[in-house]
1. Give the residue that is modelled with the highest pLDDT, with candidates limited to residues of region 112-149 that are among the hydrophobic types (A, V, I, L, M, F, W, C) and open to solvent by 60 Å² or more (accessible area, probe 1.4 Å).
2. I'd like to check something: does region 15-36 contain any residue that is part of a loop (DSSP other than H, G, I, E, B) and buried (at least 17 other Cβ atoms within 10 Å of the Cβ)?
3. State yes or no: is R79 under 13 Å from the mean Cα position of the chain (by Cα), closer than 20 Å to A28 by Cα and open to solvent by 50 Å² or more (accessible area, probe 1.4 Å)?
4. State yes or no: is E102 more than 18 Å from G11 (Cβ to Cβ) and among the acidic types (D, E)?
5. Out of (1) out of contact with any helix residue (DSSP H, G or I) (no Cβ under 9 Å at 6 or more places or on another chain); (2) open to solvent by 10 Å² or more (accessible area, probe 1.4 Å); (3) closer than 25 Å to P151 by Cβ; (4) at pLDDT 95 or above, the odd one out for I108 is which?
6. Got a number for residues in region 60-69 being open to solvent by less than 40 Å² (accessible area, probe 1.4 Å) and either basic (K, R) or assigned to a loop (DSSP other than H, G, I, E, B) (or both)?
7. Where residues in region 38-59 are open to solvent by less than 40 Å² (accessible area, probe 1.4 Å) and of a type outside the set (A, V, I, L, M, F, W, C), which of them is farthest from T104 (Cα to Cα)?
8. Find the residue count for region 86-103, including only residues that are in a strand (DSSP E or B) and open to solvent by less than 10 Å² (accessible area, probe 1.4 Å).
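The values are calculated or read from the model by the stated rules, or taken from the named source; none is laboratory data. Note that the structure is predicted; figures quoted are calculated from it, not measured. Here the Cβ positions follow ideal geometry from the backbone for every residue, glycine too, while neighbour counts run over all protein chains shown. Areas reflect the complete protein model, heavy atoms only, side chains present, ligands, DNA and RNA absent. Shrake-Rupley method; radii C 1.70, N 1.55, O 1.52, S 1.80 Å.
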Amino acid sequence: MNDRTEITGDGLQAVRLAERAGAENLGASLYELQPGDEMVFHYHVQREELMIVLDGRPSLRTADGWEELPAGEVVAFPRGESGAHGCRNDTHEPVRLLMISEMTGPNISVYPDTGQIGVFDAGQRSHRRFGGLFNVTDAVGDYGGKARIVPPASGPRARRER
């Protein structure tokens, strides 16, 4: 957990811990969010995630809105629209988060704010041969008509404070 962070595709500092350790079906990434950094609001169709706040006070966005979390908070995000989440550092101090997730493939990620869907053929980044973001407005819905994104929904979240 003390490895040097690298800049991710979305511009955040992270260490892909599980991948470096050789995990095949489990992901664990340590994120360091600097003041103003934000993880995009999204949900996964087939992937459950767990967030552990190690240091700092991040702001968490769910379908219910925004809330500030204390260090030690643990939040589970179930599969599907009830697991929609995003995170932002609104403070003046760095925030450290540990994100743990299933690494099943293919992975379908839904981004309600941008109207995009990400489709990736493999769970682990190092095993991917294909991945891309698609605008839902360019797609045809099942049985014709317009395609649409299922909006985020309130759902049960397991929480535990230290």
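1. F134
2. Of the residues in region 15-36, the ones part of a loop (DSSP other than H, G, I, E, B) are 22-25, 34-36.
After this cut, where a residue has to be buried (at least 17 other Cβ atoms within 10 Å of the Cβ) as well, the list is none.
Within region 15-36, not a single residue is part of a loop (DSSP other than H, G, I, E, B) and buried (at least 17 other Cβ atoms within 10 Å of the Cβ).
3. Yes, satisfied.
4. For E102, the condition - more than 18 Å from G11 (Cβ to Cβ) and among the acidic types (D, E) - is met.
5. Evaluating I108 over (1) out of contact with any helix residue (DSSP H, G or I) (no Cβ under 9 Å at 6 or more places or on another chain); (2) open to solvent by 10 Å² or more (accessible area, probe 1.4 Å); (3) closer than 25 Å to P151 by Cβ; (4) at pLDDT 95 or above leaves (4) as the failure.
6. From region 60-69, those open to solvent by less than 40 Å² (accessible area, probe 1.4 Å) are 60, 62, 65, 69; that's our starting set.
Imposing the further condition that a residue be either basic (K, R) or assigned to a loop (DSSP other than H, G, I, E, B) (or both) reduces the set to 69.
Residues meeting the conditions: 1.
7. G56
8. Here the count works out to 4.
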